[in-house]
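The next block holds one structure in the form of structure tokens; read it before the comments.
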Amino acid sequence: MPVSNAILDVAFTEEEPPIAVNLTLMQPIADALVERKVTSYPLPLVPFSEWLKKLELSTKDLHQETMECIPAIKLLNFMCSMARSDIAIRTSGEMGSEAGGMTLFATAVAERVSPTMKELKSLSLADAAQWVDYCEAMRMFQ
């Protein structure tokens with residue numbers, strides 16, 4: 001509902017509408033996967049580079065069942081590109097982008113033209129827990 005309200009806010013604004021409006025919710029929330037035990041085995045937090053190495057190793061002697069168990073393999077080239085971009089950004093010292101070199105998400109324009117975006121509350125731990133419940137129901141953690 002907030003997204004549709006924000007779109008209406010932009011469409012009916014008194015001022016010249018901006019070319020683009022980022023409707024991303026920017027306020028961070030607690031890490032729901034860490035807060036809740038979603039698997040029977042530990043879910044450690046590891047650096048992206050370490051996770052990527054493990055993903056690359058899982059592609060050796062690739063079988064269909066591996067692809068089904070580890071769907072991230074399908075995004076391996078994209079993940080490697082993100083890692084290279086991230087290394088280049090950190091080396092340069094320029095921190096004006098998101099992880100992997102993606103453009104920074106800013107909501108200042110959206111908040112200026114949309115009261116909905118300006119007044120939007122951060123997601124709560126309960127919201128995150130609902131998302132985790134959905135992922136569990138869809139067997140995403142199997």
inquiry  = Given the criterion surrounded by fewer than 11 Cβ atoms within 10 Å (Cβ to Cβ), at negative phi and not basic (K, R), identify the matching residue among E111, E68, E98, E136.
reply    = E68
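Assess whether T116 counts as being at pLDDT below 90, closer than 22 Å to A20 by Cα and surrounded by 14 or more Cβ atoms within 10 Å (Cβ to Cβ). If you could, list the steps in order and put the result at the bottom.
Numbers: at pLDDT below 90: no; closer than 22 Å to A20 by Cα: yes; surrounded by 14 or more Cβ atoms within 10 Å (Cβ to Cβ): yes.
Answer is no for this residue.
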key: Single residue of segment 42-66 satisfying the filter (among the acidic types (D, E) and closer than 20 Å to M82 by Cβ) that is farthest from the chain's Cα centre (by Cα)   = E56
query = Do you know which residues across segment 83-132 are within 30 Å of E56 (Cα to Cα), part of a helix (DSSP H, G or I) and over 16 Å from the mean Cα position of the chain (by Cα)?
reply = R84, S85, I87, A88, I89, R90, T91, S92
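So which helices (runs of 4 or more DSSP H) are wholly in segment 16-69 and hold at least 3 residues that are modelled with pLDDT under 75? Working first, answer last.
Numbers: elements: 32-35, 48-57, 64-69.
Passing ranges, in order: 32-35.
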key: Subset of segment 85-111 (residues that are closer than 17 Å to P47 by Cβ and either hydroxyl-bearing (S, T, Y) or modelled with pLDDT of 90 or more (or both))   = S85, T91
request  = Within segment 73-84, track down each residue that is loosely packed, with under 13 Cβ neighbours inside 10 Å and closer than 20 Å to F141 by Cα.
outcome  = K74, L75
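The values are calculated or read from the model by the stated rules, or taken from the named source; none is laboratory data. Predicted model, so just to flag it, every value in this text is computed and none were measured. Virtual Cβ from ideal backbone geometry, glycine too; neighbours counted across all protein chains shown.
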